[in-house]
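The values are calculated or read from the model by the stated rules, or taken from the named source; none is laboratory data. This structure is a prediction, so every number in the text was calculated from the model and none was measured. Note that we place each Cβ from the backbone using ideal geometry, even for glycine, and neighbour counts take in every protein chain shown. Accessible surface areas use protein heavy atoms only, side chains included; no ligands, DNA or RNA. Shrake-Rupley method; radii C 1.70, N 1.55, O 1.52, S 1.80 Å.
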Amino acid sequence: MFQGGIWTKLQDYYKWYVLGLVSVGYILGELGHYLIGTTSKVTADDLNYGDKSCMLNATHLTLSQLPVVCEKVNSTELCESLTLNGTRYCEWGHNGLGIDYQVLAGPAYMAVFTVVGVIIGVVADKFNRARILSACTLVFVVAILLMGTVTEYWHLVLLRMLMAAGESGCNPLATGILTDLFPEHQRALVLSIFNWGIYGGYGIAFPVGRYIPPLNAWGLSWRVCYYGAGVIGIIIAVLTFLTLREPERTTIGEEGAVSTKARDAALESGKKIPQITIWRVIAQPRVLLLCLAASIRHSGGMCFAYNADLFYRDYFPDVDLGWWLFAVTVGIGSVGVVAGGVISDKFVAKMGVRSRVLVLALSQLIATLPAFGSVVFAPLWAMITLAISYFFAEMWFGIVFAILVEIVPLSVRSTTVGVFLFVMNNIGGNLPILVDPVSKAIGYREAIMIFYAGFYGISSILFFLTMFLMDGPVERQPESTVKPSGLDNRAFTQDELPVRNGGRTLPTAPIDDSKL
C-alpha cells in the first residue's frame, strides 16, 4: 500500500525536486560568478587593483546641483579641490574598472571554465553524472567561501579559476540529467528554468553587492557576501550528494525517431553502421552555425552582466538603481525565460526543432532596439526599455540547449554540450575584454552599445540563418495499428491446437457422425 501509493506520488514529484535542487545550485554558482561585478569598487579599494578616477561621494546631491561633474575630472588634485558650499563632494579612488577587472571577470574565469567543461562533458558520458555533479558543486561553493578570505589580487584570480572548474560541470551534467527526466513537451521549459540560474544569480548579485558591503557586518564589508553564498552552497552540495540519483539515459528528438530505421537500413544493405563520434556531430553546419550565433548572443549578455552595475554607477551616480536592476533581471527575466520555453514547446510538435530556432531569432530581434534604449536614455526610460529587452532576450538560453540535445546522439550528448559551452564561453566570455580599449577610444557608453545591444542584433540574424539548416517535424512511428472492421481472428489458425500443462498438446475428442 505504502509503496504503491505514497511512494509512487513521491516519485512523480522527484523530477521537479531535482529541477529545483540543481537550479538553486546553479543560481549560487552564478551569484559567486557575478558578485565580482557588483562588489568590484570596494574589492578594488581593498585589494588595490584596477583604474582610479574621480567619483561623487555625496549621495544627497544630484548631478544638476554640481558645478563640475566629478567623472569629467582626470586629475587627483583637481578632483579633491571641487567643493559645493564649502564641502568637498568628490573623491579620487578605485572605480572598479580597468584591464585588471576585465581579466578577473572574463578570461581568468573562462580559461578554466571552458577547458574543464569539455573534460567533464566527456567523463559524464561514461560515468555517474549525479556523483560528478555533487563533486563539482562542492568545489565551486568552497571556492566562493574562500574568496572572502583573500588578501591579494592574485588570490582572487586563483579562486575564481577554481570556482570556474567546479561550476563548469553544472550545465552539461544537469542538462543531461534533466533531459532524461522530462519528456519533450516540457524540455525547453525545464531547461529554460534551469538556465535561468545564470540570470537569477546575476540579478541577486545587484542588491547583495550594492547593499551588503556598506553595512560592514562584523567588519567584513564585501567579504560577507562570499561567506554567505558559500555557507548556503555547502548545504546544497550535501543535498545533491545525498538525494540526487542517476536517471536512465534515453534517446530523444531526432535520434529516438530515426535511429532504428537507420540501423535496419544499414543491416539490409550489408553496410557497417557508421560510428558516432563527437567530431562528426559538431562538424555539422547546423551545429557550427548554432554555436556561432549562441556565442555572439552570449557575448552581448556577458558584456551587460559584467558592466551593468558599473555603467549605471558611472553615468547615474546620483540615482540608486540597485533594486531596479534586481527587479528587471530576476522578475522580468524570469517571465521571459518561462515564456520562451512554453512558446517553443508549443510549436515543436508541429514544426519540429526548426520552431525553436525561429523563436530564438524573433526574440533576439525584438530585444535589440530596447537594448540600445537601456544605455542611451535617462534612468527611468533606461529601466523601462531594459525590462522590455530583458523579457525577450532571456528566452534564448534554455531553448538553445533544448535544440542542442535534440539534434545530437545520446552517446555524445554531454560531451557535445561541454564542447558547445567551451566555444560559446571562450567567444562570449572573452570578447567583453575589448570593452576597456574600445571605451578608452570612443567612450564607455558607445562600447557598451556595440558589444551589448549590437551583438543582440547580430545573433538574431545568425539564428535566423540557422533555422534553414534544421529539419522539420520528426515522423513518429504509430504506437498501434488501426483495427480492421469485423472480428479479428488473426491470432488463431486452423492448425493451432489448445496447449496447456507446460506445452503438451491436449487430446481431441472423437467426432460422432450420428450427431451431425
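Miscellaneous remarks
- Trypsin sites (Lys or Arg not before Pro) within the range 108-176: DSSP coil, no more than 10 neighbouring Cβ in 10 Å: Lys126
- Chain lengthening between His155 and Asp320 when straightened (0.36 nm per residue, less Cα-Cα): 56.3 nm
- For Asp45, the solvent-accessible surface with a 1.4 Å probe is about 80 Å², rounded to the nearest 10.
- Under the convention that each Lys and Arg Cβ holds +1 and each Asp and Glu Cβ holds -1, the size of the dipole of the range 52-195 around its Cα centre is about 300 debye.
- Spin-label pair Thr277/Glu248, simplified geometry with 7 Å Cα→Cβ offset, distance in nm: 3.2 nm
- The 3J(HN,Hα) values that the Karplus relation (6.51, -1.76, 1.60; θ = phi - 60°) gives for the range 387-397 are, in residue order, 5, 4, 4, 5, 4, 7, 5, 7, 6, 6, 5 Hz. Gly and Pro appear as x.
- Lys126-Gln65 FRET efficiency (beta carbon distance; Förster radius 45 Å; 0.05 resolution): 0.10
- Ordering of 283-290, 335-342, 381-388 by packing is 335-342, 381-388, 283-290, highest average first (other Cβ atoms within 10 Å, averaged per residue).
- The orientation-averaged projected area of the convex hull spanned by the Cα atoms of the range 324-462 comes to 9.0 nm².
- Positive-end extreme of charge dipole, the range 22-166 - chosen from Met161, Gly50, Thr114 (charges on Cβ): Thr114
- Exposure rank, largest accessible area first [Lys72, Lys52, Lys440; 1.4 Å]: Lys72, Lys440, Lys52
- Rounded to the nearest 10 square angstrom, Glu248 shows an accessible area of 150 square angstrom against a 1.4 Å probe.
- Net lengthening on full extension, Thr83/Ile450 (0.36 nm per residue, minus Cα-Cα): 128.5 nm
- Rounded to whole Å, sorted largest first: equivalent-ellipsoid semi-axes of the range 46-137, Cα gyration tensor: 48, 14, 9
- Separation in nanometres of the label points that stand 7 Å from Cα toward Cβ, at Ser75 and Gln284: 6.3 nm
- With R₀ fixed at 30 Å, the C-beta to C-beta distance from Trp381 to Val335 puts the FRET efficiency at about 0.90.
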